[in-house]
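A short write-up of the structure that comes next.
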Amino acid sequence: MKYLQKKGYEVIPVNPGMAGKEILGAKCYASLAEVPGPIDMVDIFRSSDAALEVTKDAIQRKDEKNIRVVWMQLGVRNEEARELCEANGVQVVMDRCPKIEFSRLFGELGWHGFNSGVISSKRRQVGRAPGAGSSQSAPTFSGLETRCVHSGTPPDANTGARAFPIYQTSGYVFEDVDDAASLFNLQSFGNIYGRLSNPTVAALEERICTLEGGRGATCTASGHAAQLVALFTLMGPGDHFVASKNLYGGSFNQFKKMQEKFGWTCTHVDVDDPSAVREALSHPRCKLLWVESLANPGGVISDIEMLSGLTKEAGVPLAVDNTMATPALCQPGAFGADLVVHSTTKFLSGNGTSLGGCVVDMGSFDWSSVPADKFPSLTQPEPGYHGLTFWESFGDLAFTTHAHTVGLRDLGPTMAPMNAFLTLLGTETLALRMDRHVENASKVATFLEAQPEVAWVSYAGLESSSYYTRAQKYLPRGAGSVFTFGLKGGYKAGVDFVENLHLVSHVANLGDSRSLALHPASTTHRQLSDEQRTAAGAGDDVIRLSIGLETAEDIISDMKHAFSKIVQV
Ligand code: PLP
């Protein structure tokens, strides 16, 4: 009530027990009938059962009071009441908080990267709907390329700057002590300190969130930091999670260290074996399943839809690392993923300049549908915020709010505003770039398949790949541009190949505009034994490629030259 009053709304309390008294300066009435004058919206702050009675009363008085909207608060759901409103031409909203929705939709600048769905090139004041005050009615825009360019970055409200500004600040002023208190209590939304939130970072969060079709997103200093924040929100000491066997090597290392240092345990399973996954998920302390949509580096594609069926059965969320595919090629949420995680360092930034990560909450997992002690961070009172319960206060934005106000606040792996700006620039061209990455990767993979020096090529975009059919379902625009191939000449041939490349860079990174190559056995995986290297898909013969945006024929001629330099032993 206080928040809405501050935004200029008149809020009239109705409560028979308080009738005649004042609440926050407004006179309280015993019933709707007694409220003088018209009522735009009836906001129901009662139990779900009581909502029907209030709705019936509102419908009965809709013409007399000009009632246009019945709004049921977060946690209040009543299908009969909804049907009644719809049948009577009254707009209805259920299980939502006006404060949160106001902040999300009306540009409460730079808080937590919630998906507003708003795309507009009109300058607008915070708190006003896009186009408010203008006579033009605005169409809605939803194309992938449009979202890449516009989502999260309207013209700057203060200056009209069309490029989104870099808010290079650590702190933010409070209007007064009351304002500060309500921010610290999470009763109102706004920036407190740069470790928790920043407007430029929030713009990127909203963009990635919108591209994934999610509800809220949290950006972090790196992809690994995103993984840490995601797990920190869901796991406690002694908890367990299940992860795919086909993961980026760095994720294996991180999960192992978490086991040693945090007391979280992890089982790696073959995620193409449903019975193995089901059995692993049955661990009594299991909190989630973690897979990669397109696994780095082997061109392996997870059957997200099948896995989401298994996680639903087990009552745990499905987290999908979508770094290699990007939302331009695959949207895991559309197939049932609950959390989508990114290293933005790769294709999202696209230029090899900025580390970063992101966790998108699709808003699909009902954290309250499982016992309250399963995800206590979200469903039990948080002492750091005067006993506030995130699920109760923020509904399907609980995860994202917790990730900022506890995860980032207490762990500190916050994305720098400059990196958010550079990544925003990168995402503008994401759809275009991914199409070209795919086109070039397909040409290079086809070329490699025909080379006498090459033993095998593992690219899901090739018809010869066992993942080809799955690629058509999950990555219809193409199977990305990171893949591996094997050299018949083994270790020595691998070293000769990477050392004789002149256009393709010898780099331990992926998703750059430049083509990159790596011989894992002599670099990233050199400390491992032969058996460990083979198990990790980094055998002596393996070359990992990340095909960039150069002219495909130039990439191919660079490789032809490198092949000619392989010394036969
Ligand atoms: N996930 C995948 C699939 C990756 O390839 C990487 C890095 O290569 C990461 C996560 C970790 O990201 P970062 O290097 O930004 O910490």
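Below are the figures for this structure:
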| quantity | calculated |
| --- | --- |
| Residue within region 174-188 that is closer than 21 Å to Thr401 by Cα and touching a strand residue (DSSP E or B) at 6+ places or on another chain (Cβ under 7 Å) present | yes |
| Residue that is closer than 14 Å to Gly407 by Cα, in contact with a helix residue (DSSP H, G or I) (Cβ under 8 Å, 6 or more places away or on another chain) and either touching a residue at least 12 places away in the same chain (Cβ under 8 Å) or within 14 Å of the ligand (Cβ to nearest atom) (or both), where the choices are Arg195, Arg207, Arg215 | Arg195 |
| Residue identified as within 13 Å of the ligand (Cβ to nearest atom), over 14 Å from Leu204 (Cβ atoms) and out of contact with any Gly (no Cβ under 9 Å at 6 or more places or on another chain) among Ala319, Ala372, Ala325, Ala337 | Ala319 |
| Of the criteria (1) farther than 19 Å from Trp456 by Cβ; (2) open to solvent by 40 Å² or more (accessible area, probe 1.4 Å); (3) within 16 Å of the ligand (Cβ to nearest atom); (4) at pLDDT below 95, which one Ser529 fails | (3) |
| Within region 49-78, tally of residues that are of a type in the set (Val, Ile, Thr) and either assigned by TED's automatic domain parsing to the domain that holds Ser368 or in a helix (DSSP H, G or I) (or both) | 3 |
| Count of residues meeting criterion [among the β-branched types (Val, Ile, Thr) and surrounded by fewer than 19 Cβ atoms within 10 Å (Cβ to Cβ)] in region 380-410 | 1 |
| Of all residues making up region 143-165, the number that are part of a loop (DSSP other than H, G, I, E, B), buried (at least 17 other Cβ atoms within 10 Å of the Cβ) and of a type in the set (A, V, I, L, M, F, W, C) | 1 |
| Condition met for Thr353 (among the hydroxyl-bearing types (Ser, Thr, Tyr), in the same structural domain as Ala217 (by TED's automatic domain parsing), surrounded by fewer than 18 Cβ atoms within 10 Å (Cβ to Cβ) and within 16 Å of the ligand (Cβ to nearest atom)) | yes |
| Members of region 462-492 found to be buried (at least 22 other Cβ atoms within 10 Å of the Cβ) and of a type outside the set (Val, Ile, Thr), listed by number | Tyr467, Ala471, Tyr474, Leu475, Ala479, Gly480, Ser481, Phe483, Phe485, Leu487 |
| Residues located in region 218-253, provided they are within 10 Å of the ligand (Cβ to nearest atom) and modelled with pLDDT under 95 | Leu247, Tyr248, Gly249, Gly250, Ser251 |
| Cβ pairs under 6 Å, 6+ apart, first in region 545-569 and in the same structural domain as Val498 (by TED's automatic domain parsing), second surrounded by fewer than 17 Cβ atoms within 10 Å (Cβ to Cβ) and assigned to a helix (DSSP H, G or I) | Ala552/Lys443 |
| Strands (runs of 3 or more DSSP E) lying entirely in region 212-322 (those with 3 or more residues that are closer than 29 Å to Pro520 by Cβ) | 240-244, 265-269, 286-292, 318-321 |
| Candidate set: region 498-512, residues that are in contact with a helix residue (DSSP H, G or I) (Cβ under 7 Å, 6 or more places away or on another chain) and in contact (Cβ under 8 Å) with a residue 24 or more places away in the chain; chosen: the one nearest to Ser354 (Cα to Cα) | Val504 |
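The rows are residues; the columns are (1) closer than 24 Å to Asp396 by Cα; (2) touching a Ser or Thr at 6+ places or on another chain (Cβ under 9 Å); (3) at pLDDT below 95.
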site: Lys2; (1), (2), (3): yes, yes, yes
site: Gly8; (1), (2), (3): no, no, yes
site: Val11; (1), (2), (3): no, no, no
site: Tyr29; (1), (2), (3): no, no, no
site: Val54; (1), (2), (3): no, no, no
site: Trp71; (1), (2), (3): yes, no, no
site: Arg77; (1), (2), (3): yes, yes, yes
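The values are calculated or read from the model by the stated rules, or taken from the named source; none is laboratory data. What you see is a predicted model; the values in this text were computed from it and never measured. Methodologically, a virtual Cβ is constructed for each residue, glycine included, from the backbone with ideal geometry; neighbour enumeration extends over all protein chains shown. Surface areas here come from the heavy atoms of the whole protein model, side chains and all, with no ligands, DNA or RNA. Shrake-Rupley method; radii C 1.70, N 1.55, O 1.52, S 1.80 Å.
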